[in-house]
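Have a look at the structure below, then the notes.
The values are calculated or read from the model by the stated rules, or taken from the named source; none is laboratory data. All values derive from a computational prediction rather than experimental measurement. Neighbour counts are summed over all protein chains in view; Cβ atoms, including those assigned to glycine, are modelled from backbone coordinates with ideal geometry. All accessible areas refer to the heavy atoms of the entire protein, side chains included, with ligands and DNA or RNA removed. Shrake-Rupley method; radii C 1.70, N 1.55, O 1.52, S 1.80 Å.
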Amino acid sequence: DSYRSLAGYHADMDRLAAEHPGLVRTFALPRKSIEGKTVYAVEIAHDVDAPEDGRPVFLMMGLHHAREWPSGEHAIEFAFDLVRGYGSDDRITSLLKKARVIVVPVVNVDGFEKSFNDGQLVDLRGIDEGGTGSILATPGNAYKRKNCRMADGLAPFANECALASSPGGFGAGVDLNRNYGGFWGGPGAAAEPVQATYRGAAPFSEPETQNIRELISGRQVTGLITNHTFSNLVLRPNGVAPDTTGPDGLPLGDPPDEAAMKELGDRMAAQNGYTSQHSWQLYDTTGTTEDWSYNATGGYGYTFEIGPDEFHPPFPEVVDEYLGAGEYAGKGNREAFLLALENAVDPAAHSVITGKA
Ligand code: 0X9
Ligand code: ZN
């Protein structure tokens with residue numbers, strides 16, 4: 001009926017596990033957030049409690065960026081869909097016998113809580129003694145982007161985590177989608193803590209990105225989607241163009257799996273009606289989730305930029321865009337996600353490189 005709060009996400013994950021023992025389990029990621037909150041994952045698979053059995057893992061994430069509310073909703077709705085389909089839908093049942101699916105709907109728990117509470121947590125007007133005026137122009141925190149890493153050298157009000165980091169690049173916090181260890185420190189990420197795309201003090205300096213690193217390094221993640229909003233895009237690595245100079249002094253070139261990753265990206269885009277493109281065609285980025293995960297593990301990774309033009313569209317539109325209903329008839333993310341899961345089960349089966357397609 002409406003966007004989930006952080007507590008709502010946790011309650012739904014717990015309920016899924018409680019109602020479907022053997023199929024669903026929840027677990028805590030190893031590092032607590034900057035503010036000490038636990039970050040939860042839900043895992044869905046046939047015989048989910050069986051010891052590690054070599055099944056590939058498909059990872060679905062949302063809400064690296066606090067304000068991008070639909071990104072968590074689409075992630076958790078996919079979990080619900082898989083649970084509903086297990087035992088009743090042959091395709092889903094078969095996929096869940098061959099792979100494990102892990103969903104982390106809220107990566108940036110601290111930031112999301114601030115954004116969702118939309119400025120109700122703090123009223124800074126009384127303490128605007130620095131006289132910047134910009135505080136008054138930022139009445140709510142719904143548009144907060146980054147995490148809650150507070151930084152030395154910033155005025156006390158700018159160190160308030162509840163502040164939006166944009167517009168105006170205002171406020172402390174690390175951009176979690178610039179903090180991964182892939183091309184960290186390169187173009188398209190800021191070195192100054194106040195900036196909206198601040199990369200952090202070092203690669204993986206943040207507990208929230210460490211969580212995802214541990215998850216991907218400890219399991220066999222052969223495919224992932226990290227959801228963001230907005231612009232109706234399916235983005236694939238890399239975040240910098242092939243003529244960019246790499247660490248060896250030579251141009252990076254396209255990723256070795258470019259042809260296969262393009263083919264899957266295009267097939268997903270045919271399902272959701274988005275545009276499939278290289279990440280760098282949007283703009284340069286470094287330190288992003290899938291630039292690290294793909295280059296570190298070879299598992300395919302995509303960013304979905306959900307929705308045409310809003311961070312917080314009316315909730316019924318978010319549901320329709322997931323299902324492919326209403327004005328999104330026939331163009332839903334559900335089917336695109338299933339293609340990604342299918343590919344993660346057997347990457348070679350769909351590869352234009354192996355020719356088995
Ligand atoms: O800038 C970002 O992090 C993403 N856009 S957003 O509006 N959600 O902030 C785009 C990232 C694109 N680059 C890669 N995924 N490599
Ligand atoms: Zn984003």
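To the nearest 20 Debye, how big is the dipole of the chain about its Cα centre, given +1 on the beta carbon of each Lys and Arg and -1 on that of each Asp and Glu?
Numbers: 29 positive and 49 negative charges, 106 e Å.
Taking the Cα centre of the chain as origin, the dipole is about 500 debye.
Near Arg219, within a Cβ-to-Cβ distance under 14 Å, what is the net charge of the other residues, with Lys and Arg +1 and Asp and Glu -1?
Values: positive: Arg25, Arg55, Arg100, Arg213; negative: Glu43, Glu52, Asp53, Glu214.
Once all neighbours under 14 Å are counted, the net charge is 0.
I'd like the accessible area for Val39, computed on protein heavy atoms only with a 1.4 Å probe and all protein chains in place. Round to 10 Å², please.
0
Under a cut-off of 21 Å between alpha-carbon atoms, report the lysines in cross-link reach of Lys262, not counting same-chain residues fewer than 8 places apart.
Counting by Cα, and skipping residues close in sequence, Lys262 has these lysines nearby: Lys331, Lys356.
Report, ordered by chain and residue number, the aspartates and glutamates lying within cross-link reach of Lys37, taken as a straight Cα distance under 20 Å and ignoring same-chain residues fewer than 8 apart.
Once the sequence-local aspartates and glutamates are set aside, what remains near Lys37 is Asp12, Asp14, Glu68, Glu73, Asp110, Glu113, Asp118, Glu160, Asp175, Glu206, Glu208, Glu214.
Compute the semi-axes of the equivalent ellipsoid of region 229-313, taking the square root of 5 times each eigenvalue of the Cα gyration tensor, and list them largest first in whole Å.
Working: eigenvalues 109, 41, 23 Å².
Sorted largest first and rounded, they come to 23, 14, 11 Å.
Whole-Å semi-axes of region 1-126's equivalent ellipsoid, largest first, each the root of 5 times a Cα gyration tensor eigenvalue?
Numbers: eigenvalues 183, 43, 26 Å².
In descending order the semi-axes read 30, 15, 11 Å.
Express the Stokes-Einstein translational diffusion coefficient of the chain in µm² s⁻¹, to the nearest whole number, given a Kirkwood radius over alpha-carbon pairs, 37 °C and a viscosity of 0.692 mPa s. It would help to have the intermediate numbers written out before the result.
Numbers: Rh = 20.5 Å.
The estimated diffusion coefficient comes to 160 µm²/s.
Mean separation of Cα pairs under 8 Å and 6+ residues apart, divided by the residue count of the chain: what relative contact order is that in percent?
Values: 811 pairs, mean separation 63.5, N = 357.
Worked out over the chain, it gives 18 percent.
Cβ under 11 Å from Ala296's Cβ, Ala296 left aside: what net charge do those residues give with Lys, Arg +1 and Asp, Glu -1? Please list the in-between numbers first.
Values: positive: Arg213; negative: Glu290, Asp291.
Here the charged neighbours net out to -1.
I'd like the accessible area for His10: 1.4 Å probe, protein heavy atoms, all chains in place, Å² to the nearest 10.
Approximately 50 Å² for this residue.
Rule-of-thumb check for region 41-87: C-alpha Rg over 2.2 N^0.38 Å?
On the way: Rg = 12.7 Å, N = 47, 2.2 N^0.38 = 9.5 Å.
Compactness ratio reported: 1.34.
So for region 142-225, taking the charge dipole from beta-carbon charges (+1 Lys/Arg, -1 Asp/Glu), which of Gly186, Gly223, Leu154 sits furthest toward the positive end?
Of the options given, the answer is Gly223.
With all protein chains present, how much of the accessible area of the chain (probe radius 1.4 Å) comes from carbon and sulfur, to the nearest whole percent? Please list the in-between numbers first.
Numbers: 7030 of 13680 Å².
Accessible surface attributable to carbon and sulfur in the chain totals 51 percent.
Order Glu305, Glu35 by their accessible area, 1.4 angstrom probe, all chains in place, largest first. Working shown, then result.
On the way: Glu305 20, Glu35 90 Å².
Of Glu305, Glu35, the descending order of accessible area is Glu35, Glu305.
For helix 207-218, what angle does its Cα long axis make with the longest principal axis of the chain, in degrees from 0 to 90 and rounded to 10?
Tilt relative to the chain: about 20 degrees.
Quick check for you: with a 1.4 Å probe and neighbouring chains kept, what is the accessible area per residue of the chain, in Å²?
Working: 13680 Å² over 357 residues.
Dividing the accessible area of the chain by its residue count gives 38 Å².
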